[in-house]
Amino acid sequence: MNVDQKTIVERTQASDTEELLDRVTVFREDMEPEAIRIIEAELSRRGFTDDAILAHAKNRCESNIVGDDGSALRCTSCDRPAIVEDRDWFRVFGKLPIFPRSVRYCELHSRERHESRPDDDDGVT
Ligand SMILES: [Zn+2]
């Protein structure tokens, strides 16, 4: 095992299961074949069968947003697959609105945003 493979194995073992499932399904086209093999081996070690991985892929494909080239888009706030797209203000220091921008959120950040700003209506459409 070379240094690159050892690094991939260590990072894979330290990653959470949902992230690994997303990498070998939604973001599979972005991955090197060797990395896919290592992640699939780790998922197998954690008890995930091919059927479970396929079920995750099917679930994600029903909800995630894809770009013009057909590839899955990532959340603006993290590396998870985006499920909603919205408009929001780009803010200086997180406060002063400068210009509207397109943002995308994963399931987690969509829920957090809705919970923190349930009545948000700042006129961006
Ligand atoms: Zn996110």
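The values are calculated or read from the model by the stated rules, or taken from the named source; none is laboratory data. For clarity, every value in this text was computed on a predicted model and none was experimentally measured. Here the Cβ is made from the backbone with ideal geometry for all residues, glycine too, and neighbour counts use every protein chain on show.
Remarks
- Qualifying positions in segment 59-101 - surrounded by 12 or more Cβ atoms within 10 Å (Cβ to Cβ), within 16 Å of the ligand (Cβ to nearest atom), not hydrophobic (A, V, I, L, M, F, W, C) and not in a strand (DSSP E or B): 60, 63, 64, 76, 77, 80
- Flag for residue 52 being closer than 26 Å to residue 8 by Cβ and away from the ligand (no atom under 16 Å from the Cβ): yes
- Long-range neighbours under 6 Å by Cβ, at least six apart or interchain, first residue within 12 Å of residue 107 (Cα to Cα) and in the same structural domain as residue 20 (by TED's automatic domain parsing) within segment 71-84, second surrounded by 20 or more Cβ atoms within 10 Å (Cβ to Cβ) and modelled with pLDDT under 95: none
- Number of residues in segment 102-125 that are exposed (fewer than 14 other Cβ atoms within 10 Å of the Cβ) and modelled with pLDDT of 85 or more equals 4.
- Of all residues in segment 1-30, those that are under 21 Å from residue 52 (Cβ atoms) and of a type in the set (A, V, I, L, M) have Cβ atoms under 9 Å from Cβ atoms of residues that are in a loop (DSSP other than H, G, I, E, B) and at pLDDT 95 or above, 6 or more apart or on another chain, in 20/46; 20/48; 21/48.
- Residues in segment 12-27 that are surrounded by 14 or more Cβ atoms within 10 Å (Cβ to Cβ) and assigned to a helix (DSSP H, G or I): 12, 19, 20, 21, 22, 23, 24.
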